[in-house]
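All of the numbers you see were taken from the coordinates with simple rules; none came from a lab. Since the structure is predicted, the reported quantities are computational estimates derived from the model, not experimental observations. Here the Cβ positions follow ideal geometry from the backbone for every residue, glycine too, while neighbour counts run over all protein chains shown.
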Amino acid sequence: MNTCADILIVIDLQHGVCYSGEHLFDLQNLLTKVNKRISSYRKSNKPILFVQHCDDDLVPETKLWAIHTDLDVQEQDFFVRKTHANSFYKTNLKEVLAQLSVHRIEFCGAQTEYCMDATIKFSHGLGYENFMVQKTTSTLNNPFMSAKETVDFYENIWNHRFLKLLKDEF
């Protein structure tokens, strides 16, 4: 994708999410793709926002809560803390997006069937135009589907309904 949306939102790529018992599916490839998207946004002088989940296992200011150290996080980036799968729920995300005059959002991050799904669908319901580059989300295996099958399933559900899925050109 040569162009950027108004903002890139990176959801829950924290140590405690990436390494919760097992590694997220295809983690190194995911981190590489997300960093490429971050680089595109930096070159276009577009904002990047990191969402961090907080709970009993992901305690703020601890190593597990921290954003993965392989990601290019910088001081000028925006940060939102959440306690629910939906990144808009009881957070200041909508206000931050309004201050930045955001209408078009690109999403990436984890976990596909939880925080990504809830946030993408809620964002769509609020009227934002959403985008995601293929395979810039990940999850863990579950009793019903492998992580790869879960990602493929949700990308298919989201595409042309809740977001525009962009070709993976990496």
Flagged in segment 21-38 as touching a helix residue (DSSP H, G or I) at 6+ places or on another chain (Cβ under 8 Å) and in a loop (DSSP other than H, G, I, E, B), in numbering order, are Leu24, Phe25, Asp26
Exactly one of Thr69, Thr3 is more than 20 Å from Thr139 (Cα to Cα) and not in a strand (DSSP E or B), and that one is Thr3
Those residues of segment 117-152 which are closer than 17 Å to Leu30 by Cβ and out of contact with any strand residue (DSSP E or B) (no Cβ under 8 Å at 6 or more places or on another chain) amount to Asp117, Lys135, Ser146, Lys148, Glu149, Thr150, Asp152
In segment 39-53, anything without any contact (Cβ under 8 Å) to a residue 60 or more places away in the chain and either part of a strand (DSSP E or B) or on the phi > 0 side of the Ramachandran plot (or both) is listed as Asn45, Ile48, Leu49, Phe50, Gln52
